[in-house]
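Here the structure comes first, spelled out in structure tokens, and everything after it is commentary.
The values are calculated or read from the model by the stated rules, or taken from the named source; none is laboratory data. Quick caveat: nothing in here was measured; it's all calculated off a predicted structure. So basically every Cβ, Gly included, is an ideal-geometry build from the backbone, and we count neighbours across all protein chains shown. We work out accessible area using only protein heavy atoms, side chains counted, and drop any ligands, DNA or RNA first. Shrake-Rupley method; radii C 1.70, N 1.55, O 1.52, S 1.80 Å.
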Amino acid sequence: MFSTTTYSLLATIFLVLTFLFPYSEAQLSSTFYSSTCSNASSIVRSAVQQALQSDSRIAASLIRLHFHDCFVNGCDGSILLDQGGNITQSEKNAIPNFNSVRGYDVVDNIKSSLESSCPGVVSCADILALAAESSVSLSGGPSWNVLLGRRDSLTANQAGANSSLPSPFESIANVSSKFSAVGLDTTDVVALSGAHTFGRSQCQFFSQRLFNFSGTGSPDPTLNSTYLATLQQNCPQNGNGSTLNDLDPTTPNTFDNSYFSNLLINMGLLQTDQELFSTNGSSTISIVNNFANNQTAFFEAFAQSMINMGNISPLTGTQGEIRTDCKKVNGS
């Protein structure tokens, strides 16, 4: 029999562990839907595959949705909520998301298919995690066992989206700080930045590098001169800020390690991309070199970092709900 003192000690240890490891994956499981919706993963994968046939950008867009969801109040599907009812400020309208984040229609299609097959079972938050994995593996990248069992939030946090999401204009130190705030480390920063191996970015998110970088009156000195000329042509001063450019000009629709090879020759599109390699003394440089020279190492690290990110503060058990429509809280 345990004494009262032993019980108190065990309770104290549990509280300490909970404090030290708040991003626990213990309640998530890759087999969470095995008895309630065994075809959930295949339904999601099929929908992503179909979407890719008409939209080569959608894979990168779906990963970004998951990323922008997890960094704000955890991976809880809050980014999907429209404004209305109790949602007075949607995360969709936050500065990093407005007219930028996309793929909501694909998520709605996936949810509709899942509700037909297994009504009220699969959360919108888990759809984002599954869609991200399908997007990567269908584009030539790694696959991984997605941990599942997240539930959907009842609220959104637009202010949190405005403050917590990394900006393409920030220093690597600031970006790393935002990753650290959600329990992710430097390897996660570099590996997850590698998602920019496909997808597009609007001129407005990097044009400050092309003509008057940091008020110098000159372009960013870390930009490859040939690449700079191409970007200046695509994004002229006072031009259309929404013009799209490949994040990886080498293999724009394939998930590979070309993103890191590009950084070695100063062909990172965003300031935050190139800073991973061009910031003197940064601990990110050796990781970039490793990933540029070893695609397997990148793929393994990326898969693990996606799992790490997916473990950020999920709602589980009886927390939140399973939305029947990802755009709104049940009953609203």
key: Reachable lysines, given that their alpha-carbon falls under 23 Å from the alpha-carbon of Lys111 and they are not under 8 places away in the same chain   = Lys92, Lys327, Lys328
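Starting with the highest mean, order 213-225, 70-82 by the number of other Cβ atoms within 10 Å, averaged over the residues of each peptide. Display every interim value, and only then the final one.
Details: 213-225: 13.5, 70-82: 26.5.
With the highest mean Cβ count within 10 Å placed first, the list reads 70-82, 213-225.
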ask   = What are the ³J(HN,Hα) values, in whole Hz, obtained from phi via the Karplus relation 6.51 cos²θ - 1.76 cosθ + 1.60 with θ = phi - 60°, for each residue of region 74-84 in sequence order, with x given for Gly and Pro?
value = x, 7, 10, x, 5, 5, 7, 6, 6, 6, x
task = Give the distance, in whole Å, between the Cα centre of region 267-326 and the Cα centre of region 236-262.
result = 18
message = Quick check on region 39-130: take the gyration tensor over C-alpha atoms, sort the square-rooted eigenvalues as a ≥ b ≥ c, and tell me if it's rounded (a/c under 1.5), prolate or oblate.
response = oblate
note = Sorted by chain and number, the residues with a modelled amide H under 5 Å from that of Leu154, at a separation of 5 or more or across chains, are none
Mean accessible surface per residue for the chain, computed with a 1.4 Å probe while every protein chain stays in place, in Å² = 45
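If each DSSP helix of 4+ residues adds -39,500 (n - 2.57) and the sum is divided by the residues in the chain, what number results at 222 nm, nearest 500 deg cm²/dmol?
Values: 13 runs with 149 residues, N = 332.
Calculated at 222 nm, the ellipticity per residue is -14000 deg cm²/dmol.
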key: Amide hydrogen neighbours beyond the local backbone of Arg200, cut-off 5 Å, H modeled   = Leu247
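From the alpha carbon gyration tensor of region 212-332, can you work out the equivalent ellipsoid semi-axes (sqrt of 5 times each eigenvalue) and give them in Å, largest to smallest?
Details: eigenvalues 238, 103, 42 Å².
With the √(5λ) rule applied to region 212-332, the semi-axes are 35, 23, 14 Å.
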note = Here the relative contact order (percent) of region 149-285, from C-alpha pairs under 8 Å and at least 6 apart, is 30
task = Enumerate the calculated ³J(HN,Hα) couplings along region 176-185 in order (Karplus 6.51 cos²θ - 1.76 cosθ + 1.60, θ = phi - 60°), each rounded to whole Hz, writing x wherever the residue is Gly or Pro.
result = 4, 5, 5, 5, 4, 5, 10, x, 9, 10
